[in-house]
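Novice: So that we are looking at the same thing, I have put the structure below in structure tokens.
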Amino acid sequence: MLLCITRLIYLINILFDMKTVDLFAGCGGLSLGFQNAGFDIVAAFDNWIPAIEVYQANFKHSIFNQDLSKKESYEVIASFNPEMIIAGPPCQDFSSAGKRNENLGRADLTYSFATIISFVQPKWFVMENVNRIKTSKTLPKIIKLFKQSKYGLTSIVLDASYCGVPQTRKRYFLIGERNGKDNSLEDFLNKNLSKKPMSVFDYLGNNLDIEHYYRHPRSYKRRAIFSIHEPSPTIRGVNRPVPKTYKKHKGDAADVNKNLRSLTTIERSYIQTFPKSFKFKGGKSNLEQMIGNAVPVKLAEYVASCLAEYMSDSQVCFHEQSTAIQLKLFEHI
């Protein structure tokens, strides 16, 4: 009981003082998840006005319109003295939904994130990206830069459906602890996963008032009709109605009928685990894109909670070791 209370005290102290900055923040999925887990988000940065306006409508701290590829932004970020920097750099150049061409420029923003970390040198950083970054030319470059800056690194691919999100969205996370050990967070990130994937029904019940829905496939070789009793496929930045010419795929969960529809924009935000209280504003195409690009709130919250648990255990362990050393010294007096 005493150990549990000690851990709780350390956890409260750690998170209350953990100044956190969110880069490439978008509409705020990563920010909200870390905030829900108790981290103190003090500022955010992005360079897309529609997403910035949505972020401003939902958070009390400031979000800055900055091009993070420019070195002048580094000093602005450093001025907040962040102990943690979290980020989801643009992933389209690595994504299977994009052109998979690292020469288009957006992959450079992932390297910009690494150079920002090297400049600011926070105690912690968390980077989220698509699974395909593992086979990119960019990842080895940024890992080299992080190691030169003395970060211990933990990397993992998480399926969001095992992290409290009703969606089979696989994402790569790279977590750095300055002067830490490699793979120190791996056990925490794995042990807290759920035993089974979360379905749409598990999360939303009958709130959608449908049993099946249409999700436009990238290729008609793939299924397009899904049941609420399974996890949703990955929410993307594109959302289209059922084509009049669509023919049932052998993998579809139901037949095509007049009641079949795609999810609405706001329903897609629920699948991304944004709460109903979250305020979205702006044009439909912009909203679809920012919702599709967002880190699911509950996925971010899962990673943040595992990180907080690791921090708490590390502090308690350090305290217990210090106490033991003091007792041994006292015995020799």
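Novice: Give me the residue from region 309-333 that is surrounded by 15 or more Cβ atoms within 10 Å (Cβ to Cβ) and modelled with pLDDT under 90 and, out of that set, nearest to Thr264 (Cα to Cα).
Specialist: Ser312
Novice: Here's another thing I want to ask about it. Can you run down the residue pairs with Cβ atoms below 8 Å, 6 or more apart or on separate chains, where the first is in region 244-273 and within 19 Å of Ser161 (Cα to Cα) and the partner is at pLDDT below 95 and of a type in the set (A, V, I, L, M)?
Specialist: none
Novice: Follow-up. Of the residues that sit in region 254-273 and are basic (Lys, Arg) and not in a helix (DSSP H, G or I), which one is modelled with the highest pLDDT?
Specialist: Across region 254-273, the extreme among qualifying residues is Arg261.
Novice: Which residues, taken from region 135-177, are assigned to a helix (DSSP H, G or I), surrounded by fewer than 18 Cβ atoms within 10 Å (Cβ to Cβ) and either among the hydroxyl-bearing types (Ser, Thr, Tyr) or modelled with pLDDT under 95 (or both)?
Specialist: Selection gives Thr135 alone.
Novice: Is there a residue being within 27 Å of the chain's Cα centre (by Cα) and outside any helix (DSSP H, G or I) anywhere in region 246-253?
Specialist: No: region 246-253 contains no residue that is within 27 Å of the chain's Cα centre (by Cα) and outside any helix (DSSP H, G or I).
Novice: From the set of residues in region 33-57 that are touching a Lys or Arg at 6+ places or on another chain (Cβ under 9 Å) and surrounded by fewer than 20 Cβ atoms within 10 Å (Cβ to Cβ), which is farthest from Ser305 (Cα to Cα)?
Specialist: Filtering region 33-57 for residues that are touching a Lys or Arg at 6+ places or on another chain (Cβ under 9 Å) and surrounded by fewer than 20 Cβ atoms within 10 Å (Cβ to Cβ), the one farthest from Ser305 (Cα to Cα) comes out as Pro50.
Novice: Further question on the same structure: Could you list all residues from region 286-308 that are among the polar types (S, T, N, Q) and either within 22 Å of Glu83 (Cβ to Cβ) or surrounded by 23 or more Cβ atoms within 10 Å (Cβ to Cβ) (or both)?
Specialist: Result: Ser305, single match.
Novice: Among the residues of region 274-286, write down those that are of a type outside the set (Phe, Trp, Tyr) and either more than 16 Å from Pro90 (Cα to Cα) or in a loop (DSSP other than H, G, I, E, B) (or both).
Specialist: Those that are of a type outside the set (Phe, Trp, Tyr) and either more than 16 Å from Pro90 (Cα to Cα) or in a loop (DSSP other than H, G, I, E, B) (or both): Pro275, Lys276, Ser277, Lys279, Lys281, Gly282, Gly283, Lys284, Ser285.
The values are calculated or read from the model by the stated rules, or taken from the named source; none is laboratory data. Owing to the predicted nature of the structure, the values given are computational and were not obtained by experimental measurement. Note: ideal-geometry Cβ built from the backbone for every residue, glycine included; neighbour counts use all protein chains shown.
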